[in-house]
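The values are calculated or read from the model by the stated rules, or taken from the named source; none is laboratory data. In this text, all values refer to a predicted model and were calculated from it rather than measured experimentally. Virtual Cβ from ideal backbone geometry, glycine too; neighbours counted across all protein chains shown.
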Amino acid sequence: MVRLRLTPSRLLLAFLICLLFFLSPKLLHRRRRFDNIDASIASVQPAASYGTECSPFSSDGLNDVAIVLKMTTAQVTAQLPSYLSRIGRCLTSEHLLLFSDRTQEYNDLPIHDALKYLRPEYKYQNPDFDLYDQIQRGETVDATPLDKYKQILIMEQTWKHRPQKDWFVFLELDTYVNWDNLHRFLSRFDPSVPYYFGSPVLPRKKPFAAQATSGIILSRAALNKLMSKGRMFAENHHAVGTHLFGLDLTQETRGDLVLAKVLKQSGVSLRGYDPAFTNDSPSTIRFGSSQWCEVVITLHSNDSELARWETTRQTPATPLTFAELFTHIEPSLQPRIDDWTNLSEKVIGPATTVDACRAACARDKKCIQFEYVGESCRISHGVRLGYAHPPTPEDDRKTTAGWMVERIPAFKQLQSRRCKGAHLVRADP
């Protein structure tokens, strides 16, 4: 029998392993630190006028911000009119920059071709740009493969068109923005510092990136750093949008990941502010303690119902939080909805009926919703609305979802206990 000698170093190592074992659950589940957003704004500048239809544009609160919309040619007719109907009456061409894959005009607003100035060597023998040529001829095609090229090209062209702005907010037509909260957020930061904000995604072996569908924000200093990097590849200092920063994008899939890589090379890293910037829509957000008190700045949603609901807020001058956003989906929560998924995540085992699944949820005092698929039962301690999920030829199982509606008032009260004003969590990463 071999005896292990207990040296001081081995005893110390054993102690550290035990300490890590006992502390790791607390470390993994610690709450992120936050600021009270109203208090932090008051310390920076006088309060702006919030809560009106065009605030903070009407009080010139976003005059130093360029709002940049990226779209395809097909979206110009299909989605741009409804998007501008919600915010267009509050904006001027000085606020807005529109980019697509073809030069156009909409209601006297110029739409710039993001790919127009890209040098021929990037297009040569690249089948993605066969689509671009078809678009220029007026043909209707799926322009999705061109999107990964546009993101960094738009950055340089934005600098050319709006060099005097302090902040640059890059959006897509399915990005919802609470403009009051965006103003509150930006007022906390100095644009002469290189900032890159958004909802973080961590791709494998790549830098943290802000997801384009939930909005990307760059400060003036960050965009200047990007431009300085770009001058290494441009033919002259005035030739913006002519190059791809020396990158081969044929094997890339997403423009926001490419942008994160170039920004990282330029010395600018992401500061992630999830859930304030989130890639979820109101129907897919998991409402619970992790974000209940936090402010909503952007969502991945073009839901016109959300815009209408926003006009009915009882206290529109206060920051919109997830607690208040919950009241938008709450009327849709029912004891049972057939052909529906509410994205319940905890599998608790087989169940013979929907009623048996509901009963299993009832036995768990924290359970607030359930989902029955085939003979599988899932429950959740948080609330998601979800979406329609009828059977398909590939999966003919019936999906039924439901909520313990009698528990929702207590659920809301429990989540609200820690709220003392609207929270903005600290950056992570």
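For this structure, a couple of remarks:
- Of the criteria (1) in a loop (DSSP other than H, G, I, E, B); (2) closer than 20 Å to ALA323 by Cβ, which one ARG397 fails: (2)
- Considering the conditions (1) at pLDDT 95 or above; (2) over 24 Å from the mean Cα position of the chain (by Cα), LYS420 is excluded by exactly one of them, (1).
- Residue match in segment 6-16 (condition: farther than 26 Å from THR318 by Cα, modelled with pLDDT of 85 or more and not in a strand (DSSP E or B)): no
- For ARG271, the stated conditions hold: it is more than 26 Å from SER100 (Cβ to Cβ) and in contact (Cβ under 8 Å) with a residue 60 or more places away in the chain.
- Identity of the residue in segment 50-68, over 30 Å from ILE154 (Cα atoms) and exposed (fewer than 15 other Cβ atoms within 10 Å of the Cβ), that ends up modelled with the lowest pLDDT: THR52
- Summed over segment 180-232, the residues that are of a type outside the set (A, V, I, L, M, F, W, C) and under 18 Å from the mean Cα position of the chain (by Cα) give a count of 16.
- Residue match in segment 223-231 (condition: farther than 14 Å from PHE170 by Cβ, part of a helix (DSSP H, G or I) and touching an Asp or Glu at 6+ places or on another chain (Cβ under 9 Å)): yes
- Subset of segment 262-279 (residues that are of a type outside the set (Val, Ile, Thr), surrounded by 18 or more Cβ atoms within 10 Å (Cβ to Cβ) and either in a loop (DSSP other than H, G, I, E, B) or in contact with a Lys or Arg (Cβ under 9 Å, 6 or more places away or on another chain) (or both)): LEU263, SER266, LEU270, TYR273, ASP274, PRO275, ALA276, ASN279
- Failed criterion for ALA74 (all others in (1) surrounded by 13 or more Cβ atoms within 10 Å (Cβ to Cβ); (2) in a loop (DSSP other than H, G, I, E, B) hold): (2)
- In summary, helices (runs of 4 or more DSSP H) completely within segment 113-212 and bearing 3 or more residues that are without any contact (Cβ under 8 Å) to a residue 24 or more places away in the chain and over 21 Å from GLU294 (Cα atoms) occur at 120-123, 128-136.
- Residue-level analysis places THR399 outside the set of residues that are exposed (fewer than 11 other Cβ atoms within 10 Å of the Cβ) and among the β-branched types (Val, Ile, Thr).
- Qualifying residue in segment 322-335 (condition: in a strand (DSSP E or B) and either surrounded by fewer than 19 Cβ atoms within 10 Å (Cβ to Cβ) or not basic (Lys, Arg) (or both)): no
- Among residues of segment 358-376 being in contact with a Ser or Thr (Cβ under 8 Å, 6 or more places away or on another chain) and not in a loop (DSSP other than H, G, I, E, B), the one that is surrounded by the fewest Cβ atoms within 10 Å (Cβ to Cβ) is VAL373.
- The single residue among LYS205, LYS160, LYS229 that is under 30 Å from SER59 (Cα atoms), surrounded by fewer than 23 Cβ atoms within 10 Å (Cβ to Cβ), modelled with pLDDT under 95 and basic (Lys, Arg) turns out to be LYS160.
- Residues (more than 26 Å from the chain's Cα centre (by Cα), touching a residue at least 24 places away in the same chain (Cβ under 8 Å) and either under 23 Å from PHE189 (Cα atoms) or outside any loop (DSSP other than H, G, I, E, B) (or both)) located in segment 402-413: GLY402, TRP403, VAL405, ARG407, ILE408
- The sole residue among GLU294, GLU345 that is under 19 Å from the mean Cα position of the chain (by Cα) and under 18 Å from ARG384 (Cα atoms) is GLU294.
- Applying the criterion of being among the aliphatic types (A, V, I, L, M) and surrounded by fewer than 17 Cβ atoms within 10 Å (Cβ to Cβ) to the residues of segment 280-321, the residue that is modelled with the highest pLDDT is ALA317.
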